[in-house]
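Asks: First the structure, which I've put down as C-alpha cells, then a few questions once you've had a look.
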Amino acid sequence: MAVLTTFICIIDGAITTVALPSIARQFDLTPAALTGVVVIYPVCLGMMIPASAWLIERHGGRRTLLLSLAAFTAASGLCGAAPNLTALVGARALQGLAAGLLMPTSQALLFRTFSHAEQVRLSRLMVIPQQIAPAIAPLLGGLLITSLSWRWVFYVNVPFGTAAVLFGALFLAEHRDHSAGRLDLPGLLLCGAATATLMYGVCAGPDLGWDRPQVIGALAGGAALLAAAVRQQLRTPEPVLRLRLFRDRLFRDTNLISLVGYVPMMGAMFLGPIFIQEARGGSALDSGSTTFTEAFGVLVTMQVVGAVYHRVGPRLIIGTGLLGVAAVMLLFATADADTSLWTFRGYMFLLGLAMGAVFIPTTIASFSTVDRADIAHAATLNTVVRQTGNALAPAVVTSVLVLGASGAGRAHPPLASYQLSYYVLAAVAVAAGLFAFTMPDGPARTAAPRTAAPRTAASGSRPRARLRQKADRPGR
C-alpha cells in the first residue's frame, strides 16, 4: 500500500511537466502562462503537510490515508476533464492538498507497523517507487501524450488510485497508539502559510526570475512567517510540528543530510534531461531512455545496503554514497555535445549506485531514536525537509545555468553553464558527505525497541480479521 501510494504521488509530480506543451496548444496559451499548473501543486502540498500528524492521531492512519487517496484520485480525474486552465489549476490544487497527506501518512504507518530490523529489509521495496517513478515518468508521459492526449497524464492515476483505495479498505487495519490533543490552529496556519509561501518563491524563482517583486516578496514573507511559526511552535505545549524532535542529534543530522544531500541528487536528475535535449539536441525519448538507467543502479545498491546496514552502520554508507555522488558529478562535467548517449547512460547508472546508499539509510536512521508516540510527527517533519530539498534542487540548477548567460543565452545556456552546474552540485555533495561521517550511528546500528510496533500493515494473503487481531498484540 505504501509502495503504490508513493509511486502514484511521485509519478504525478514528475509527469506533468511533459504535458505542458500539449496543454498550451489545447488552450491556446503560451508555455509561460502554464506556470500555475506546475507551481500550485507543491504550494498546496506544503500547506497540507503540517496538518498530517494531527489528522493521523485524530482520525487514525487508515482513514486518513484512504480519504486522502480517494481525494487525490478524484482530483486526477478532474484534471483530465478540465475544460479550461482555471479548472485545471483548481484540480491541481486539490491534488496537491491530498498529496500533502499521502506521503507522511503512508510513511508513518510503515514505521509504526514494522520493527527496526524489518524496516531495513522493507527498504528494498520502498526504493521502487522512490527511484523508478521519476525515471519512467518522462517515458510514460511521452507515450501517453503521443498515443492518446495530455489528459491521460492525469487519467492514468484513476485506475491505480481506485485499486489502492479498494485494497486498503479491504485489507488495511486501523492503527492508533496515541490520542490527538487539541489542534494547534495558530501553529497550523502559520506553518502552512510559511511552507506554501516559501515553496512558491523557490519554485517560481527559476521561471520568473529571482529579482521579480513577487518572488522576492514570497521569499521574504515566507522567511518571516517561518520565524514566527518556529517561535510559536516552541512555546506551544502540543504544537502541530514537534520541532523538539530536532533536539535528538541523530534525527537532526539525518534530516539535515536529506535537505542538503537531495540538492545534488535531485539536481542531477533534473539537469540530465535538459542537457540531453538542449546541449546535445536530443529528443524527449532520448532523455527518458538515458536517465532511466539511474533506477537500475539504485536497485543494485539497495540489495547491498539491506545486507550490511547493521554491520557497518548508516554513517559509513551515507557518507560514502554522497562522496560517490560528487565523483559522478565530476564525470558529468566532462560531458559535451559529442558525448554518446551510452556514455551518459553509464554515468546515470553510476549515479544510481551512489544514490542508493543515501535515500533509505537516512530515513531508517532518522526514526531509530524516535518514540512510537512521535512517529507521525517525525514523518511529517521528514516530509517537509525532503520536499524542501526537492524544491531547492531545480532552483539551484536553474540559477547556476543562467548565472553566466545573458540575453538569448538564458533560454539556451552554453555548455560551460552545464559544466558549472555539475561542479556546484559536486561541491554540495562533498559537503553533505563529509558531514555525514560526523553523525552518531550507534543507535541506528542496533534494533531500537522503541521503533518496534505490532503488525497492522496490509497483506493481500491475510484476511482483515486476522490483521485486526494482530493489531491488539503487544509490540515485540
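The values are calculated or read from the model by the stated rules, or taken from the named source; none is laboratory data. Computed from a predicted structure; not experimentally measured. Cβ coordinates were reconstructed from backbone atoms using ideal geometry, including for glycine residues, and neighbour counts include every protein chain displayed. Only protein heavy atoms, including side chains, enter the accessible area calculation; ligands, DNA and RNA are left aside. Shrake-Rupley method; radii C 1.70, N 1.55, O 1.52, S 1.80 Å.
Asks: Arg63 accessible area, nearest 10 Å², 1.4 Å probe?
Replies: Rounded to the nearest 10, the figure is 130 Å².
Asks: How big is the accessible area of Ser149 in square angstrom, nearest 10, if you roll a 1.4 angstrom probe over the protein chains?
Replies: 40 Å²
Asks: Want the number for Tyr423 to Phe246: 0.36 nm per residue separation, take away the alpha-carbon distance, what's left? Mind dumping the intermediate values first?
Replies: Numbers: separation 177, 0.36 × 177 = 63.72 nm, distance 3.10 nm.
Here the segment from Tyr423 to Phe246 would lengthen by 60.6 nm.
Asks: Okay, next question. Can you work out the FRET efficiency for the pair Arg25 and Arg58, with r the C-beta to C-beta distance and R0 = 35 Å, to the nearest 0.05? Intermediate results must be reported in sequence, preceding the final value.
Replies: Values: r = 45 Å, r/R0 = 1.28.
Once rounded, the FRET efficiency stands at 0.20.
Asks: Given labels modelled 7 Å from the Cα in the Cβ direction, how far is it in nm from Leu415 to Asp336?
Replies: Inter-label distance under the simple model: 0.4 nm.
Asks: Going by the alpha-carbon gyration tensor, a ≥ b ≥ c the square roots of its eigenvalues, is segment 209-276 rounded (a/c under 1.5) or, if a/c is not under 1.5, prolate (a/b greater than b/c) versus oblate?
Replies: Because a/c hits 1.5 or more and a/b fails to exceed b/c, segment 209-276 counts as oblate.
Asks: Note down the accessible area of Asp211, probe 1.4 Å, to the nearest 10 Å².
Replies: Number for this one is 120 Å².
Asks: Using the heavy atoms of the protein chains and a 1.4 angstrom probe, tell me the accessible area per residue for segment 261-310 in square angstrom. Mind dumping the intermediate values first?
Replies: Details: 1650 Å² over 50 residues.
Accessible surface, normalised per residue, equals 33 Å².
Asks: Which of rounded, prolate, oblate describes segment 278-392, given a ≥ b ≥ c as roots of the alpha-carbon gyration tensor eigenvalues and a/c under 1.5 marking rounded, otherwise prolate only if a/b is larger than b/c?
Replies: Values: a/c = 2.73, a/b = 1.87, b/c = 1.46.
Cα axes put segment 278-392 in the prolate bin.
Asks: Label segment 342-386 by shape, choosing from rounded, prolate and oblate, from the square roots a ≥ b ≥ c of the eigenvalues of the Cα gyration tensor; if a/c is under 1.5 it is rounded, and otherwise prolate applies when a/b is larger than b/c, oblate when it is not.
Replies: On the way: a/c = 6.69, a/b = 3.07, b/c = 2.18.
Prolate is the answer for segment 342-386, as a/c is 1.5 or above and a/b outweighs b/c.
Asks: Here's a follow-up. State the extension gain, in nm to one decimal, for the chain segment bounded by Thr438 and Leu67, taking 0.36 nm per residue of separation less the distance between their alpha-carbons. Before the final figure, lay out each step's value.
Replies: Working: separation 371, 0.36 × 371 = 133.56 nm, distance 4.12 nm.
Residue separation times 0.36 nm, minus the Cα-Cα distance, leaves 129.4 nm.
Asks: Take Ala373 and Thr343, extend 7 Å from each Cα along the Cα→Cβ direction, and tell me the distance between the two endpoints in nm.
Replies: Modelled inter-label distance: 5.9 nm.
Asks: From the C-alpha coordinates alone, can you work out the Kirkwood hydrodynamic radius of segment 224-316, in Å?
Replies: Details: mean 1/r = 0.0581 Å⁻¹.
About 17.2 Å for segment 224-316.
Asks: Rank these by accessible area, largest first, 1.4 Å probe: Met439, Met48. Don't skip to the answer; put the middle values down first.
Replies: On the way: Met439 0, Met48 45 Å².
Descending accessible area places them as Met48, Met439.
Asks: Given the C-alpha centroids of segment 306-369 and segment 233-249, what is the distance between them in whole angstrom?
Replies: 32 Å
Asks: Ignoring ligands, DNA and RNA, what percent of the accessible area of segment 240-341 is carbon or sulfur (1.4 Å)?
Replies: 63 percent
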